[in-house]
1. Scan the range B:38-89 for residues that are farther than 15 Å from B:Tyr14 by Cα, among the aliphatic types (A, V, I, L, M) and part of a strand (DSSP E or B) and report the count.
2. For the range B:88-100, which residues satisfy the criterion of being within 7 Å of chain A (Cβ to nearest Cβ) and either aromatic (Phe, Trp, Tyr) or in contact with a Gly (Cβ under 8 Å, 6 or more places away or on another chain) (or both)?
3. Of the conditions (1) modelled with pLDDT of 80 or more; (2) of a type outside the set (A, V, I, L, M); (3) farther than 30 Å from A:Thr199 by Cα; (4) open to solvent by less than 40 Å² (accessible area, probe 1.4 Å), A:Thr105 fails just one. Which one is it?
4. Among the residues of the range A:233-277, count how many are open to solvent by 30 Å² or more (accessible area, probe 1.4 Å) and part of a loop (DSSP other than H, G, I, E, B).
5. Which residue, of A:Val140, A:Val136, is farther than 18 Å from A:Leu217 by Cα and open to solvent by 70 Å² or more (accessible area, probe 1.4 Å)?
6. So which residues in the range B:214-238 are under 21 Å from B:Thr182 (Cβ atoms) and polar (S, T, N, Q)?
7. I need every pair where a residue in the range A:221-232 that is within 7 Å of chain B (Cβ to nearest Cβ) and at positive phi has its Cβ under 8 Å from the Cβ of a residue that is of a type in the set (Lys, Arg) and outside any loop (DSSP other than H, G, I, E, B), sequence separation at least 6 or different chains.
8. Please determine, by comparing only the residues of the range A:280-325 that are within 14 Å of chain B (Cβ to nearest Cβ) and free of Cβ contacts under 8 Å to residues at least 24 places away in the same chain, which one is nearest to A:His84 (Cα to Cα).
Amino acid sequence: MSLKRYIIRRLAEMAIIFWIIQTVLFFLFHLAPGDPLSRMVDPGMTHEEEMILTEQLGLREPVGTQYLYFLGNFFRGRFGISFHYGRPVARIIAQRLPNTILLFTTAVILSALAGTWLGKLISWRKENRTDKIITVGALVCHTLFLPWIAMLMLWFGAFKLGWFPVTGMISPELWILPQATAPEKALDIAWHMILPMATLFLIHFGSYLLIMRSSMLETLTEDYIFTARAKGLPENVIRDRHAAPNARLPVVTSVGLSLAFSINGGALTETVFSWPGIGRELVFAVSNNDYPLALGCFLLIAAVVLAANLVVDVLYGYLDPRIRY
Amino acid sequence: MQSLLEVKDLTVSYTTPAGKILAVDRVSFQLEAGRSLGLVGESGSGKSTIGTAILGLLADNARVETGAIVFEGHNLLEADQETLRRLRWKKISMIFQAAMNALNPIMPVGDQIVEAIRVHEPEVPLTAARQRVADLFRQVGIPARRLRDYPHQYSGGMRQRAIIAMALACNPRVIIADEPTTALDVIVQDRILKTIIRLQDRFDIGILLISHDISVTAEVCHQIGVMYAGQLVEIGTKEEILTTPAHPYTRALLEAHITLSNDRQPAPVPGPAADLHRLPEGCRFHGRCRRPDANCRRQTPSWHSLSATHKVLCREAESNGN
């Protein structure tokens with residue numbers, strides 16, 4: 001089947017691109033200023049101890065050899081040990097990733113659904129007041145500066161109203177209780193999620209609404225929309241069955257890529273809300289010269305973005321019958 | 001006897017950035033059941049605007065200034081949107097140009113026709129509607145198994161046939177065919193036109209055929225109207241228009257079309273097409289006319305009847321007729 005062949009070809013391409021990204025990242029890290037040892041070396045250490053540590057971390061070898069070790073380890077599923085935590089990078093990422101996915105993927109999906117739905121509705125009333133107000137509102141949301149709105153959310157939701165927690169993902173005092181049930185824990189996470197989620201929703205929602213609206217307006221000039229009118233179809237049928245399915249196509253690309261980037265997208269949000277996810281870990285790793293951890297995070301992001309591209313392309317084939325592989 | 005469809009004194013204007021223009025200027029004609037009228041003219045002559053005005057689907061910047069469109073005794077220009085919507089396709093349907101994107105690219109062709117049936121006849125069950133579409137496909141010469149295919153999987157000729165099948169789906173009284181064969185090669189064009197003629201006979205439909213090609217209207221239509229710069233300039237039976245054309249523009253159009261039957265070279269209509277923003281005084285055609293006189297530049301021509309069915313908007317006919 002041709003779709004199978006297409007996917008295999010794309011996977012091969014992706015492997016090559018991934019290898020290039022790996023290589024570039026590896027050498028970039030070596031060019032970066034700062035010395036990972038300086039973070040670990042105790043002033044009380046002797047010179048010999050320092051040398052042993054350097055040896056253990058493999059930092060004494062020439063860069064080329066280090067690169068080969070790095071690649072070799074990668075293919076054996078060893079992504080290195082975090083300098084800071086002293087634990088395997090893979091395990092740290094595996095711990096943080098679900099938190100990020102929970103928050104960001106949910107936020108992107110919710111805002112995409114809401115944005116396309118409202119974008120579709122208001123495109124049908126173009127030029128009237130509701131359309132203008134909502135469009136300007138969406139533009140404002142779209143251009144909001146994320147850290148600012150995040151701080152504002154905290155100030156209002158957590159400080160002023162006192163309804164929501166200021167930081168974190170869980171309330172330790174609840175989770176430590178042996179009688180705490182799973183629904184209680186889930187509710188606790190949801191309660192912590194509301195503020196960061198609202199922030200992300202606001203930021204993404206506006207752009208999906210604008211994309212969907214302009215895509216709808218473009219679709220409305222198509223001949224088949226005239227045909228649908230001439231056929232005497234009611235307006236809501238024209239909108240939902242003829243205009244929207246066609247207008248949705250460009251939005252799919254945008255949502256797919258946002259989903260991919262949402263894995264890391266949270267550096268700022270996660271930092272402001274102290275959400276224990278990949279983004280915050282990445283910021284921490286980079287500022288502390290934790291090469292293996294930072295590399296691991298970056299490679300994960302690269303892999304997810306590449307995979308999301310493939311998924312979007314395959315999905316397109318289902319949404320648009322004209323596309324065949 | 002009352003006509004099936006009567007257009008009376010229809011004037012439609014467009015507001016453009018360069019000013020307001022009259023795309024259709026006091027056009028009147030009648031269409032009888034089972035007959036066909038061809039409207040022929042260059043692009044910009046207003047012929048397509050008449051088609052969209054009948055369906056009440058004029059563009060946002062268009063406005064009907066005067067006139068009436070009377071269908072089965074009701075003036076469509078006074079009907080509300082919901083009445084018009086119910087009437088569209090059920091009573092008056094349209095054959096679009098297949099080269100255009102007239103079919104939704106991401107919906108199977110059969111479904112697009114079934115949809116029209118189900119909207120106007122909700123009592124028809126889905127399976128019956130599908131069966132009807134399969135029958136229609138057979139009528140226009142498409143295998144019924146192609147119902148599930150998407151428009152891009154069809155050839156140009158097949159798309160045109162599917163669009164004709166779609167126009168017939170609700171047994172309409174009138175079909176407006178806007179350039180139904182443009183962009184098809186001559187052989188396919190001929191087959192499509194024959195299909196249209198055959199179906200018209202069978203279903204007793206009134207057809208308004210809009211084309212820039214006078215030979216297409218000559219093949220299909222009982223009556224031909226010639227349009228120039230928004231005005232109807234001559235109307236008559238096919239025989240009258242082809243054998244005794246009275247308007248210089250009609251003659252020029254007849255000379256311009258290509259024929260295989262004799263050695264005559266096709267002669268293009270001289271001069272540039274009319275600019276609706278800067279219409280000349282007097283007769284609109286005088287700048288391109290072969291025998292204009294001084295009065296043509298000053299006086300607006302009026303209608304002259306040459307027979308019960310044949311009339312022309314030209315001063316020359318006046319002098320010849322008397």
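The values are calculated or read from the model by the stated rules, or taken from the named source; none is laboratory data. Being a predicted model, the structure only gives us computed values, none of them experimental. Heads up, the Cβs are rebuilt from the backbone with ideal geometry, glycines too, and the neighbour counts pull from every protein chain shown. For the accessible areas, the whole protein counts, side chains as well, though only heavy atoms, and no ligand, DNA or RNA atoms are used. Shrake-Rupley method; radii C 1.70, N 1.55, O 1.52, S 1.80 Å.
1. Summing the residues that are farther than 15 Å from B:Tyr14 by Cα, among the aliphatic types (A, V, I, L, M) and part of a strand (DSSP E or B) in the range B:38-89 gives 5.
2. As a first pass, look at the range B:88-100 and keep what is within 7 Å of chain A (Cβ to nearest Cβ): B:88-90, B:94, B:96, B:100.
Matches in the range B:88-100: B:Arg88, B:Trp89, B:Lys90, B:Met94, B:Phe96.
3. (3)
4. Looking only at that region, the number is 4.
5. Working: A:Val136 fails: farther than 18 Å from A:Leu217 by Cα.
After ruling out the rest, the residue left standing is A:Val140.
6. Once the filter is applied, which keeps residues that are under 21 Å from B:Thr182 (Cβ atoms) and polar (S, T, N, Q), the range B:214-238 yields B:Ser215, B:Thr217, B:Gln223.
7. Listed by first residue and then by second, the contacts come to A:Gly232/B:Arg85; A:Gly232/B:Arg86; A:Gly232/B:Arg88.
8. First pass over the range A:280-325, keeping only residues within 14 Å of chain B (Cβ to nearest Cβ): A:315-324.
Checking which are free of Cβ contacts under 8 Å to residues at least 24 places away in the same chain leaves us with A:318, A:321-323.
Numbers: A:Tyr318: 46, A:Pro321: 51, A:Arg322: 52, A:Ile323: 48 Å.
In this case the residue turns out to be A:Tyr318.
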